[in-house]
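A.B. asks: After the structure tokens below, expect a handful of questions from me.
Every number in this text was worked out from the coordinates using simple rules, so none of it is lab data. Being a predicted model, the structure only gives us computed values, none of them experimental. Glycine also receives a Cβ, built like all others from the backbone with ideal geometry; neighbour counts cover every protein chain displayed.
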Amino acid sequence: MKFFVDTAEVDEIAELNALGMVDGVTTNPSLIMKSGRDILEVTKEIAEMVEGPVSAEVVALEADQMIEEGRKLAKIAPNIAVKVPLTWAGLKACNVLTDEGNMVNVTLCFSANQALLAAKAGATFISPFIGRLDDINLDGMELIADIRQIYDNYGFDTQILSASIRTVNHAYQAAMVGSDVMTAPPKVIKQMAEHPLTDKGLASFMADWEKTGQKIL
Ligand code: G3P
């Protein structure tokens with residue numbers, strides 16, 4: 001499963017990128033707002049740092065304007081994936097922008113039928129939001145499994161990009177059901193390294209090593 005980082009904080013991306021953990025980056029208007037940065041500048045900076053796709057989201061609601069915004073965002077760098085919302089206008093924009101050779105990430109997906117439409121419109125990525133479905137007592141992971149099955153039934157090559165990942169359990173489950181990509185905040189990716197038995201085992205090894213009086217360096 002590819003790891004995208006869901007943030008517009010350049011320092012956090014750089015830290016994970018140095019470990020080879022970053023296959024791409026996703027941003028959205030809320031993340032741009034949190035970063036306090038100019039969308040064009042910060043997207044350029046991220047796209048220069050990371051080799052993989054960097055999603056930058058349009059903010060227009062009508063298809064023609066989305067297409068214009070998408071073209072402008074796509075010009076920032078060759079690895080930009082234009083992000084459009086899963087509305088009828090967004091699907092139209094997806095179709096035009098993919099025909100023009102751009103990567104398109106269709107976002108705010110909350111149903112299997114929406115994901116099917118995005119694949120028909122030629123989306124490179126579909127972004128179902130797991131955490132936000134869980135927030136309203138629905139099962140976000142069931143949606144990922146359903147989309148996986150539908151895409152496999154018909155050989156769609158749209159990649160499932162599990163988004164709104166809030167916990168390490170979401171990450172594990174997304175991998176188990178065959179999500180192609182997950183996008184998670186840096187904090188969640190770091191938490192995936194944690195296990196109490198690792199900490200306990202390490203403390204015990206260190207205590208015994210101390211008793212040997214030896215040094216490696
Ligand atoms: O990738 C979409 C993500 O940013 C949404 O996450 O936690 O705001 O639902 P969240």
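A.B. asks: Which value at 222 nm does the chain reach when only helices count, each DSSP H run of 4 or more adding -39,500 (n - 2.57), with the total divided by all residues and rounded to the nearest 500 deg cm²/dmol?
C.D. replies: -15000 deg cm²/dmol
A.B. asks: Ratio to report: Rg/Rh of segment 2-212, with Cα atoms as the point set and Rh obtained by the Kirkwood method; give two decimals.
C.D. replies: Looking at segment 2-212, the ratio lands at 1.04.
A.B. asks: Could you work out which residue, out of 75, 44, 92, moves most in a Gaussian network model of the chain, that is, has the largest mean-square fluctuation with Cα springs under 10 Å?
C.D. replies: Largest GNM mean-square fluctuation: 75.
A.B. asks: Given points 7 Å out from each Cα along the Cα-Cβ axis, report the residue 154 to residue 200 separation in nanometres with one decimal.
C.D. replies: 4.9
A.B. asks: For segment 90-215, what is the charge dipole size about the Cα centre, in debye to the nearest 20, if Lys and Arg each add +1 at the Cβ and Asp and Glu each add -1 at the Cβ?
C.D. replies: Here the size comes out at about 320 debye.
A.B. asks: How much length is gained if the chain between residue 18 and residue 111 is pulled fully straight, taking 0.36 nm per residue apart and subtracting their Cα-Cα distance, in nm to one decimal?
C.D. replies: The residue 18-residue 111 span can extend by a further 29.9 nm.
A.B. asks: At R0 = 22 Å, how high is the FRET efficiency between residue 34 and residue 100 if r is their beta carbon distance? Nearest 0.05 is fine.
C.D. replies: So the FRET efficiency works out to roughly 0.15.
A.B. asks: Compute the separation of the alpha-carbon centres of segment 113-136 and segment 145-210 and state it in Å as a whole number.
C.D. replies: Cα centres, segment 113-136 to segment 145-210: 19 Å.
A.B. asks: State the extension gain, in nm to one decimal, for the chain segment bounded by residue 139 and residue 193, taking 0.36 nm per residue of separation less the distance between their alpha-carbons.
C.D. replies: Here the segment from residue 139 to residue 193 would lengthen by 16.9 nm.
A.B. asks: Relative contact order for the chain using alpha-carbon pairs under 8 Å, separation at least 6, rounded to a whole percent?
C.D. replies: 17
A.B. asks: With +1 assigned to the C-beta of every Lys and Arg and -1 to the C-beta of every Asp and Glu, and no other charges, what is the dipole magnitude of segment 2-212 about the Cα centre in debye, to the nearest 20?
C.D. replies: Roughly 160 debye, rounded to the nearest 20.
A.B. asks: Consider just the alpha-carbon atoms of segment 133-172 and return their Rg together with their Dmax, both in angstrom.
C.D. replies: When restricted to the Cα atoms of segment 133-172, Rg and Dmax are 11.3, 31 Å.
A.B. asks: Please list 3J(HN,Hα) in residue order for segment 128-135, calculated via the Karplus relation 6.51 cos²θ - 1.76 cosθ + 1.60 where θ = phi - 60°; whole Hz, with x for glycine and proline.
C.D. replies: Per-residue couplings from phi come out as x, 9, 5, x, 6, 6, 4, 4 Hz.
A.B. asks: Hey, another quick one. Which one, 23, 157, 135, has the greatest fluctuation when you compute a Gaussian network model over the chain with C-alpha springs under 10 angstrom?
C.D. replies: 135
A.B. asks: Follow-up. Quick one: among 48, 69, 100, which has the greatest mean-square fluctuation in a GNM of the chain with alpha-carbon springs under 10 angstrom?
C.D. replies: Fluctuation is largest for 100.
A.B. asks: Now for a different question. Collect residues whose amide H, placed 1.01 Å from N in the peptide plane, falls under 5 Å from the amide H of residue 81; neighbours closer than 5 in sequence don't count.
C.D. replies: Answer set, sorted by chain and number: 54, 55, 56.
A.B. asks: What is the count of Lys pairs in segment 75-217 whose alpha carbons sit under 17 Å apart, if the two are 8 or more places apart or on different chains?
C.D. replies: Lysine pairs satisfying the spacing and distance rule in segment 75-217 number 4.
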